[in-house]
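Colleague: The structure that follows is given in the form of structure tokens.
The values are calculated or read from the model by the stated rules, or taken from the named source; none is laboratory data. All figures in this text were calculated on a predicted structure; none of them were measured in a lab. Every residue, glycine as well, gets a Cβ built from its backbone with ideal geometry; the counts of neighbours run over all protein chains shown.
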Amino acid sequence: MDEKRTELRKLSMALPLQPGVYIMKDKKDTVIYIGKAKQLKNRVSQYFGSDTNHTEKVRQMVSHVDRFDYIVTGNEFEALVLECSLIKQYSPKYNILLKDDKGYHYIRISPPPYSRITEAKQKQDDGARYIGPYVSSFVVKQAVSEVNKLFLLSTCRKPLRYGRSHERPCLNHYIGQCCAPCNGRVSPDDYAERVEQAITYLTQGSRKLVRLLTERMKTAAEALDFETAARLRDRIRALEQLAKKQKIVQSSVKQQDIIAFAGTQTIGCFEVFRFTDGALSDREHFLVEPSGDLPALRAEFIRRYYSLRDTVPPRITVDGEVEDAVLLEQWLTETANKRYTVKFLYPQKGEQAKLLTMCRENAAERVAQQLSTGGHAVTALEELQTLLGLSAPPTRIESYDISHTGGSDVVGAMVVFHNGKPLKSDYRRFEIKTVVGQDDVACLREVLDRRLKEYAVHKDTASGFGVLPDLILLDGGKGQVSAVKPLVDSFGYDIPVFGMVKDNHHRTRAITAEGEELSIQSRRSAFSLVSSIQEEVHRFAIGYHRQKRSKRNTASSLTDIAGIGKQRATLLLKHFGSLTAVRGATVEQLASVKGMTLPAAEAVYRYFSQEK
């Protein structure tokens, strides 16, 4: 421990055992972190003690702390309110900082004839009609897309005019998403009717528009104007079909936010679904640096998020435990001006759980985009974390298998999956050296022993053997895990070790620890990932075994020749590349190989000549 940290720890031990807020500053007197504590002494002193349990982010923050200030408060709730206020004032580097870059958005209807409905970021004095403002660009984009498709309005750049034209309509017309006013066959009045219906839909909703259209359809039918009645009937059906699709993202809870987290050890994302009148009205995502303490991370995100929002719903559905949940509910209720009591929901089944899953999958997709991997891989890693009780999703997974034929040509294999994808540059093969015969457990111990010793040699390289895994998966059951786990522990590395169990058809069935089996078939993404890992390590191991066995068989045919031992057989194969090439070589070519003599070359030539 350096002198500065020792000094800071000494100062922190003198703090009172009272609630309050602490303010970390660097050498330039810049505020770099603000936190609250139930007991200032206990919380602040943790930063300057052992950093074994600290995340990398906390270690970096502590390394830059030059001094700290503190403010004692009357209770923990006052500390929470003060913390939120100070973070908003100083925006410290190591607190979660969310960019609030929302502006106002409008729906623009251009002047007639043949108005176009588009989105706009600000109102212009251009004769167009504007609907809004809307806070959410998501709402505007979704609404504009819906009405243009529903009422078959033009979205292309072709000129729109009435009258006979030989202009071919754009692709949208042929896929049923435009009435093709560009070919001159749609009159300005007919098109204006579509636009007015679209505006009614945007301003008054689909129910009001369906009632109006139904009345007009009946009037047209009574007047024997069946063409108009049929057109209105089709429009009503389209509106009803759209309403059915929208129910997929509707909630029985009228006003609520849904918050879910997905991430790896290096990057995380919070996704927020906002529901108004039971319909999804907005969605946002925020990339954050994850920490090992997910309940604390959720609490910090919620504090920052609602510090930047004008409205707080009465229900906030969250995908897991929130630190200081009661205090946060009290603070959020105060933020909502006590119009209602704000509560957290933690659904496990039903409609709300399904919406939460959808929200989490969107967060996983955001993380996948940052990592250039698939959203299913991120979901699978999160499921593994939950199933195996890991502190974080395993970024690097190493898997091991042994392959042999009746105890001969025994080899070991190591495959690596990084962020759920194979990292073939880090695959390694092992020729078993200390185990004789058929003993898979002893072979696994040798392989893991050699691998962990290699880490000590290469750890400065931060690649290949120089990176420790977050999770070890063995091809085998409890026996393999019981043999390997103590070995890993003896090196002082806290690496989880599990086995991959197969069924009678050699397919992945479960994951096993030292004491129990964990079924993974109900967790589809995790099951798919573990199955892929088990198949890949088996393929890699058996491939190396077959290669080794083939070389041995080839070499043994040469050692049957008088005067050719194992060393000369190896030299011949290395020089010519294959047994076929050796078989076709002349005496002179054979004798030219280093280590060969003329009698030995003649013996090889005679052997294969007789064979021919």
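Colleague: Return yes when ALA143 is at pLDDT 85 or above and either in the same structural domain as LYS57 (by TED's automatic domain parsing) or small (Gly, Ala, Ser) (or both) and no when it is not.
Modeller: When the stated conditions are applied, ALA143 does not pass them.
Colleague: On to the next question. Could you tell me which numbered condition ILE258 fails, if it satisfies all but one of (1) modelled with pLDDT of 75 or more; (2) closer than 30 Å to LEU152 by Cβ; (3) in contact with a Leu (Cβ under 6 Å, 6 or more places away or on another chain)?
Modeller: (2) is the only condition that ILE258 fails.
Colleague: Looking for something charged (D, E, K, R), closer than 24 Å to LEU294 by Cβ and not assigned by TED's automatic domain parsing to the domain that holds PHE301 - is there at least one such residue anywhere in segment 70-84?
Modeller: Quick first cut of segment 70-84, residues charged (D, E, K, R) only: 76, 78, 83.
Filter once more, keeping what is closer than 24 Å to LEU294 by Cβ: 76, 83.
Still in the list and also not assigned by TED's automatic domain parsing to the domain that holds PHE301: 76, 83.
Checking segment 70-84: at least one residue is charged (D, E, K, R), closer than 24 Å to LEU294 by Cβ and not assigned by TED's automatic domain parsing to the domain that holds PHE301.
Colleague: Would you please name the residue that is nearest to the chain's Cα centre (by Cα), looking only at residues in segment 510-531 that are of a type in the set (S, T, N, Q) and either part of a strand (DSSP E or B) or buried (at least 19 other Cβ atoms within 10 Å of the Cβ) (or both)? It would help to see each step written out before you state the result.
Modeller: Taking segment 510-531 as the starting set, the residues that turn out to be of a type in the set (S, T, N, Q) are 512, 519, 521-522, 525, 528, 531.
Now restrict to residues that are either part of a strand (DSSP E or B) or buried (at least 19 other Cβ atoms within 10 Å of the Cβ) (or both): 512, 519, 525.
Values: THR512: 25, SER519: 23, SER525: 12 Å.
Within segment 510-531, the match that is nearest to the chain's Cα centre (by Cα) is SER525.
Colleague: Tell me which residues, restricted to segment 1-30, are at pLDDT below 90 and in a loop (DSSP other than H, G, I, E, B).
Modeller: The answer is MET1, ASP2.
Colleague: Name the residue, out of LEU332, LEU308, that is surrounded by fewer than 15 Cβ atoms within 10 Å (Cβ to Cβ), aliphatic (A, V, I, L, M) and under 16 Å from LEU80 (Cα atoms). I'd like the intermediate steps shown before the answer.
Modeller: Values: LEU332 fails: surrounded by fewer than 15 Cβ atoms within 10 Å (Cβ to Cβ).
Only one candidate passes the filter, namely LEU308.
Colleague: Going residue by residue through segment 278-291, is there one that turns out to be closer than 19 Å to GLU365 by Cα and modelled with pLDDT of 90 or more? Outline the logic, then answer.
Modeller: Filtering segment 278-291 for residues closer than 19 Å to GLU365 by Cα gives 280, 282-290.
Still in the running and modelled with pLDDT of 90 or more: none.
No; the residues of segment 278-291 include none that is closer than 19 Å to GLU365 by Cα and modelled with pLDDT of 90 or more.
Colleague: So, GLN265, is that one surrounded by fewer than 18 Cβ atoms within 10 Å (Cβ to Cβ) and either of a type in the set (Val, Ile, Thr) or touching a residue at least 40 places away in the same chain (Cβ under 8 Å) (or both) or not? Spell out how you get there, then give the answer.
Modeller: Working: surrounded by fewer than 18 Cβ atoms within 10 Å (Cβ to Cβ): no; either of a type in the set (Val, Ile, Thr) or touching a residue at least 40 places away in the same chain (Cβ under 8 Å) (or both): yes.
Judged against the criteria, GLN265 is not a match.
Colleague: What are the residues in segment 436-470 that are under 30 Å from THR405 (Cβ atoms), within 29 Å of the chain's Cα centre (by Cα) and outside any helix (DSSP H, G or I), if any?
Modeller: Within segment 436-470, PRO469 is the sole residue that qualifies.
Colleague: On to the next question. From the list VAL435, VAL441, pick out the single residue that is β-branched (Val, Ile, Thr), in contact (Cβ under 8 Å) with a residue 12 or more places away in the chain and touching an Asp or Glu at 6+ places or on another chain (Cβ under 9 Å). Don't jump to the end; show me each part of the working.
Modeller: Working: VAL441 fails: touching an Asp or Glu at 6+ places or on another chain (Cβ under 9 Å).
Matching residue, one of VAL435, VAL441: VAL435.
Colleague: State whether one or more residues within segment 349-366 are surrounded by fewer than 18 Cβ atoms within 10 Å (Cβ to Cβ) and basic (Lys, Arg).
Modeller: yes
The rows are residues; the columns are (1) closer than 26 Å to TYR306 by Cα; (2) crowded, with 19+ Cβ neighbours inside 10 Å; (3) without any contact (Cβ under 8 Å) to a residue 40 or more places away in the chain.
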{"site": "MET13", "(1), (2), (3)": "no, no, yes"}
{"site": "TYR22", "(1), (2), (3)": "yes, yes, no"}
{"site": "LYS28", "(1), (2), (3)": "no, no, yes"}
{"site": "LYS41", "(1), (2), (3)": "no, no, yes"}
{"site": "HIS54", "(1), (2), (3)": "no, no, yes"}
{"site": "ARG59", "(1), (2), (3)": "no, no, yes"}
{"site": "ASP66", "(1), (2), (3)": "no, no, no"}
{"site": "ILE71", "(1), (2), (3)": "yes, no, no"}
{"site": "LEU98", "(1), (2), (3)": "yes, no, no"}
